[in-house]
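The values are calculated or read from the model by the stated rules, or taken from the named source; none is laboratory data. Keep in mind that this is a model prediction, so the values were computed, not measured. Note that we place each Cβ from the backbone using ideal geometry, even for glycine, and neighbour counts take in every protein chain shown. Only protein heavy atoms, including side chains, enter the accessible area calculation; ligands, DNA and RNA are left aside. Shrake-Rupley method; radii C 1.70, N 1.55, O 1.52, S 1.80 Å.
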Amino acid sequence: MRAYLEYRMTQENVSRADIQSALGVSEKTVRNKISGATDFSWEEARIIKNKFFPKDDFDALFENE
């Protein structure tokens, strides 16, 4: 699970639907990626970081705990 990403999403009021829209993927895909069942691609991670969390540490956001 990507706990820090979920924490930051809560802090910044970023929903899974926001990420789904930014990436152009299904809700299930976003759920699987946030839970750590599947990985974000480099491009997906870059989009999320730049659009929603530009000041956050890249590695911390996408660390799979």
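Could you give each residue of the range 46-52 its phi-based ³J(HN,Hα) in whole Hz, using Karplus coefficients 6.51, -1.76, 1.60 with θ = phi - 60°, and x for Gly or Pro?
Once θ is set to phi - 60°, the couplings for the range 46-52 become 4, 4, 4, 4, 5, 7, 10 Hz.
Relative contact order for the chain: what percent, with Cα pairs under 8 Å and sequence separation of 6 or more?
Relative contact order here is 52 percent.
Are there GluC sites (Glu not before Pro) in the range 1-61 that DSSP puts in a loop and that have at most 14 other Cβ atoms within 10 Å, and which ones?
For GluC sites (Glu not before Pro) across the range 1-61 that sit outside H, G, I, E and B with at most 14 neighbouring Cβ atoms in 10 Å, the list reads Glu12.
Taking the Cα centre as origin and putting +1 on Lys and Arg beta-carbons and -1 on Asp and Glu beta-carbons, what dipole magnitude results for the chain, to the nearest 20 debye?
The dipole magnitude comes to about 200 debye.
With a 1.4 Å probe and all protein chains left in place, how much of the accessible area of the chain comes from carbon and sulfur atoms, in whole percent? Mind showing how you got there, number by number?
Numbers: 1920 of 4000 Å².
Result for the chain: 48 percent of the exposed heavy-atom area is carbon or sulfur.
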